[in-house]
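Working notes, structure below.
The values are calculated or read from the model by the stated rules, or taken from the named source; none is laboratory data. This one's a predicted model, so the numbers in the text were calculated from it and none came from an experiment. As a convention, Cβ positions derive from the backbone with ideal geometry for all residues, glycine included, and neighbour counts pool all protein chains shown.
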Amino acid sequence: MSLVSVVKRAVEYVAERFPVEKLNYHAMVEKKEVPVHRLSWGYYLGGAALFFLCVQIVTGLMLLFYYQPTVSDAHASVEFISEHVHGGALIRNMHAWGSSMMIACVIAHLLTAFAMKAFEKPREITWVTGVGLLFLTFGFGFTGYLLPWHQIAVNATKIGLQSIEQVGQYLPGQMAQWPRAIRETIQGEATVGQATLSRFYAIHVIVLPFALAGLLGIHLLAVQLHGMSRGVDEPARRREKFFPIFIIKDFSVWGVAFFVLFVLALCLPFESFYSYPLFEAYDPNGSTPDGIKPEWYFYFVYYPLELLPFGVILVASGLAAVLLLLAPWIFRGTSRKTLRILAFAGAAYFLGMTLFGERIYHFFKGGAP
Amino acid sequence: MNRLLGFRARADGSARRAPFAFAALGVAFFAFAPAARAYPEFQAQIAKGAGRPVNCALCHANPDGPDGASYGQIGRLNPEEMERLNRARKAIEPGAEVNSPILNEFGNELVRSLGMRRLLELKLNPAALPDAIDPKSDMDRDGIPDAEELRDATHPLKKEDGRPWRLFTHNVRKNLWTIFLAAVATAAGLYGLAQLLQGFARAARAAHGEEDSSDRE
């Protein structure tokens, strides 16, 4: 195969995935329709995730005005925001609740898109960028968790970074040193300290947002060019206009999401779900409080890690990541019914580990839950 | 222990002061200071009762308690702070002016309202501490009385720390008007946006129809 034909095929492949000739008023507004069926609710999850991203950007910018990314001042600045800045507690709580809701929406969006076989040709790139966005969202969660510099933040980050280094023992030859190098690069010094905080801060507010903007741009462009996938095997009951009907419904979901988020942020401090010693300023010379664990959206990896050998989890995580990224090709011939069962099993595992992970852990390891 | 401190328990749970009580308390405070300063019995009981970890910061200025040389610990106190600490140690009866630098506001209030003698009695029955304090006292104004916060192992001075459902219901009641306004604003905003989008759609259809008709002409 000559280079010219390779390039030609690549151009054809991209052109089929990004039919930019559809970028006109007639195709994008007048003609565009959305199928209505029993899984139509899944079409609104991506929009909800986008809404929570907007909330995170706005509230994150507001927090930036006061937050100090130094180990001596980070915790104090966060307390200052909560205690002394007008509306600061509400904004900070919106940021905390918003991050959880965004991750919940992104995971639900991924599972429903999988169940609806929304990765079918020509939507492969939409899917792959979506999986990339999921990983970026987890990256936001991991890096943002450290910024308040309280006990649970620093200690959970230490555990997370140690896990990276542990990968080395399963790699051959020189590759065994790579995870240590990655950890040291992220950490920036011998232990989690000022260099780590500075790097996590830069990654959280600069690197990840730029990466997200790029991937999200491609994802949204592909979604708009191809429209909604058919979602179910049987013909849709009816179709509705994308503009204005679907857009109005989508904004209505945004409105409800905003109201729920506002009430939660106003009335239910995110920290109330944890014991207070976990939110005290990190003291390297002080004792480590009980109950250190990552945010709830990492429980699906955290509890299995506590129960099973690291190597098993490493292989399982690697396989899951490959399955997710290559889903459009691996599940090309799989029926939607089978995909729905797989998505349901995935959701059951995630919910089970999130809600009952601690009980499962104590069931196998003993001790009071 | 009661005997050692010079108290004899009565049937109703209170204690009668023996003649050598003050002398014994003095010995307890100053000769065996490290044992008498910290109150791990309360911490252990509160954590056990609620199944939730707590640390010394519930009553103390430092999360690791008063012993040491860090902030809020005895090793770092200046003479003026030592004097305040000693005054607090001598607050045997309730009502004394207490402002100990090793205690937080709640810890000082405990000593002020109960007195050191009652606190030392309670050390023998730490589960009774929540019942001993004013049931209406709510120092962080989060809607959960301090006594309940102790039973739940949540912090009486942190308004964001409390049983989630109790906090939620209290804050909903407190912010009902704000929530109502937010609901009205959201609904009005959505209604306006929907009207605007439908108006755009109608205008686009009309303009397109006019174009079509002019084309036909």
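Among the residues of region A:292-316, those that are loosely packed, with under 15 Cβ neighbours inside 10 Å and either in contact (Cβ under 8 Å) with a residue 60 or more places away in the chain or of a type in the set (Gly, Ala, Ser) (or both) comprise A:PHE310, A:GLY311, A:ALA316. Being within 30 Å of A:LEU268 (Cβ to Cβ), of a type outside the set (D, E, K, R) and either away from chain A (no Cβ under 14 Å) or free of Cβ contacts under 8 Å to residues at least 40 places away in the same chain (or both): is that true of B:LEU120 here? No: the conditions fail for B:LEU120.
Yes or no, residue by residue, for (1) buried (at least 20 other Cβ atoms within 10 Å of the Cβ); (2) out of contact with any helix residue (DSSP H, G or I) (no Cβ under 7 Å at 6 or more places or on another chain); (3) at pLDDT 95 or above:
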site	(1), (2), (3)
A:THR70	no, no, yes
A:ALA76	no, yes, yes
A:GLY88	no, no, yes
A:VAL106	yes, no, yes
A:THR112	yes, no, yes
A:GLY130	yes, no, yes
A:LEU134	no, no, yes
A:GLY141	no, no, yes
A:GLY173	no, yes, no
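Listed here are the residues, each with its yes/no results for (1) over 17 Å from B:CYS56 (Cα atoms); (2) more than 14 Å from every other protein chain (Cβ to nearest Cβ).
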{"residue": "A:PHE259", "(1), (2)": "yes, no"}
{"residue": "A:PHE270", "(1), (2)": "yes, no"}
{"residue": "A:ASP283", "(1), (2)": "no, no"}
{"residue": "A:SER287", "(1), (2)": "no, no"}
{"residue": "A:PRO294", "(1), (2)": "yes, yes"}
{"residue": "A:TYR299", "(1), (2)": "yes, yes"}
{"residue": "A:TYR303", "(1), (2)": "yes, yes"}
{"residue": "A:LEU308", "(1), (2)": "yes, yes"}
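Looking across B:THR154, B:THR178, one residue alone is surrounded by fewer than 19 Cβ atoms within 10 Å (Cβ to Cβ), at pLDDT 95 or above and either assigned by TED's automatic domain parsing to the domain that holds B:ALA88 or in contact with a helix residue (DSSP H, G or I) (Cβ under 9 Å, 6 or more places away or on another chain) (or both). It is B:THR178. Annotation note: of A:VAL253, A:VAL223, the sole residue that is under 16 Å from A:LEU45 (Cβ atoms), within 25 Å of the chain's Cα centre (by Cα), within 11 Å of another protein chain (Cβ to nearest Cβ) and β-branched (Val, Ile, Thr) is A:VAL253.
Would a scan of region A:345-360 turn up a residue that is assigned to a helix (DSSP H, G or I), touching a residue at least 12 places away in the same chain (Cβ under 8 Å) and exposed (fewer than 13 other Cβ atoms within 10 Å of the Cβ)? Yes, because at least one residue in region A:345-360 is assigned to a helix (DSSP H, G or I), touching a residue at least 12 places away in the same chain (Cβ under 8 Å) and exposed (fewer than 13 other Cβ atoms within 10 Å of the Cβ).
Comparison of A:PRO277, A:PRO328, A:PRO289 shows that the only residue that is in contact with a Phe, Trp or Tyr (Cβ under 6 Å, 6 or more places away or on another chain) and either surrounded by 17 or more Cβ atoms within 10 Å (Cβ to Cβ) or in a helix (DSSP H, G or I) (or both) is A:PRO328. Looking at region B:142-175, which of its residues are in contact (Cβ under 8 Å) with a residue 60 or more places away in the chain, of a type outside the set (Ser, Thr, Tyr) and within 8 Å of another protein chain (Cβ to nearest Cβ)? Result: B:ALA153, B:HIS155.
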